[in-house]
1. Which of the residues belonging to the range 348-367 are away from the ligand (no atom under 16 Å from the Cβ) and touching a strand residue (DSSP E or B) at 6+ places or on another chain (Cβ under 7 Å)?
2. Could you say which residue among 162, 119 is under 24 Å from residue 353 (Cβ atoms), in a loop (DSSP other than H, G, I, E, B) and within 16 Å of the ligand (Cβ to nearest atom)?
3. Right, residue 92: farther than 18 Å from residue 257 by Cβ and more than 17 Å from the chain's Cα centre (by Cα) or not?
4. Would the range 232-241 turn up any residue that is under 22 Å from residue 383 (Cβ atoms), in contact with a helix residue (DSSP H, G or I) (Cβ under 9 Å, 6 or more places away or on another chain) and buried (at least 18 other Cβ atoms within 10 Å of the Cβ)?
5. Out of the residues in the range 192-211 that are within 13 Å of the ligand (Cβ to nearest atom) and assigned to a loop (DSSP other than H, G, I, E, B), which is farthest from residue 89 (Cα to Cα)?
6. Would you mind stating whether residue 189 is within 16 Å of the ligand (Cβ to nearest atom), part of a loop (DSSP other than H, G, I, E, B) and surrounded by 24 or more Cβ atoms within 10 Å (Cβ to Cβ)?
7. Taking the range 288-346 as the region of interest, how many residues are more than 17 Å from the chain's Cα centre (by Cα) and in a loop (DSSP other than H, G, I, E, B)?
8. How many residues are outside any loop (DSSP other than H, G, I, E, B), touching a strand residue (DSSP E or B) at 6+ places or on another chain (Cβ under 7 Å) and either more than 15 Å from the ligand (Cβ to nearest atom) or outside the structural domain of residue 180 (by TED's automatic domain parsing) (or both) if we restrict to the range 145-159?
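The values are calculated or read from the model by the stated rules, or taken from the named source; none is laboratory data. Please read these numbers as outputs of a predicted model, since none were measured by experiment. Here the Cβ is made from the backbone with ideal geometry for all residues, glycine too, and neighbour counts use every protein chain on show.
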Ligand SMILES: *Cc1c(COP(=O)(O)O)cnc(C)c1O
């Protein structure tokens, strides 16, 4: 059981662990162990000094279940290394504290927790953060020249599905000596491989597609060992380690990542096309639609268009709320990437804290509904949307 980067995504997700279990188990068992014993002090020092790999203490991440998960996670993004965390925000915090201390530029819309961390909390530590929107990309070079050393963004973004050109932005950042980190949660590694396009680091909320069943909270950071080794001490002393039980559950989920995401891609495309024809729908935002502004870029830099789409209902915010409340199969819940389909109205959930002017500036209308397409029969999902729209 060993993998090479030439193998496909599905193969790497299933055979991503190089060491065989001594009992022959196809999966690394859950080592519910906080500490690991040694034959002798000399033996212990070998591991402590990093002269041989081994388990030591679970908060350090030195636990066989966590090592196995990280090997698979690295393979998914074609990365040299990966670190697992107890949440996506824990992974982002460790990333920013390690590589963002000289200034961070966040482009476009980002996850609410990310924006709060960048806008309100990191500046308390003296870290300069700059938040620019997609139409302000011309400010990037000046901010880089001013000393910011980390460019961070999501693509596609939430909830407007705005696309950013990873390769072009990485070239601009690298020309000024800055690193590029992508939050690849929305696309998942099945649909987008940022490292292959020139990004330096990839961060995930594994709570979403990687976990895939709305039953675990975890995060991951992938990149070169040079960039990941300094993150290790931050994770260790912030104490933001993934629990072995969660690591095993996440490793279980990764074995089906590829088939889940491919099904979600196909269903989202079918729903987007059905919604485009619906008389009560004003607009459909989905990278897989040929007329969508980001379509050409998505077709170039993604392997699939994803399971997330946004519709704009005719009749404004109140009409959209009525649709959200009438949906039966789509649960009204603010997450994504699970087997069950979910709906959120951004102005009442993810972007509720923003003023109406700020939402408009970010291109988010009250009439928007964001759909996370699950694994149900797509005909049933379309029927559910149609009955809900009839009542709008
Ligand atoms: C959910 C999410 C996060 C935060 O992840 P948690 O696992 O909830 O900490 C970060 N980025 C994106 C894009 C997300 O959707």
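1. If the condition is that a residue be away from the ligand (no atom under 16 Å from the Cβ) and touching a strand residue (DSSP E or B) at 6+ places or on another chain (Cβ under 7 Å), then 365, 367 are the ones that fit.
2. Being under 24 Å from residue 353 (Cβ atoms), in a loop (DSSP other than H, G, I, E, B) and within 16 Å of the ligand (Cβ to nearest atom) holds for just one of 162, 119, which is 162.
3. no
4. no
5. Step by step, filter the range 192-211, then rank; the result is 192.
6. For residue 189, the condition - within 16 Å of the ligand (Cβ to nearest atom), part of a loop (DSSP other than H, G, I, E, B) and surrounded by 24 or more Cβ atoms within 10 Å (Cβ to Cβ) - is not met.
7. Total meeting the criteria: 17.
8. The total comes to 2.
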